[in-house]
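Derivation of every value follows stated rules applied to the coordinates shown; laboratory data play no part. This is a predicted model, so every value here is computed, not measured. Neighbour counts are summed over all protein chains in view; Cβ atoms, including those assigned to glycine, are modelled from backbone coordinates with ideal geometry.
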Amino acid sequence: MIIEINPRVQGTIVAGLGAGVNLPLLAVKQELNLPISEEELQVKWGTKFSRYWNEVFIRFQFLIIHLLIQFHEKAAPLFY
């Protein structure tokens, strides 16, 4: 008996992709007994994930200020 099939990709899956790990592909490879390379398991630690549900407007001068601060302090980038 099948109770539910949910084809949506969850937010955590998308976050994993952004950090360099393709969890859906790894799951398929695991089920098919295909080899998984060491590179496919390398996580880009420190990757930030952000999701917006509304439009986001950024004034150009604030973007420039943020980029200057980021450059000097090596802060996390504004966009990923």
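Here are a few things to note about the model shown:
- Sorted by Cβ neighbour density within 10 Å, fewest at the top, the residues Lys44, Lys29: Lys44, Lys29
- Applying the criteria of a DSSP loop state and at most 13 other Cβ atoms within 10 Å to the GluC sites (Glu not before Pro) of segment 1-40 yields Glu4, Glu38.
- Under the shape rule built on the C-alpha gyration tensor, where the axes satisfy a ≥ b ≥ c, segment 1-64 is oblate, since a/c reaches at least 1.5 while a/b does not exceed b/c.
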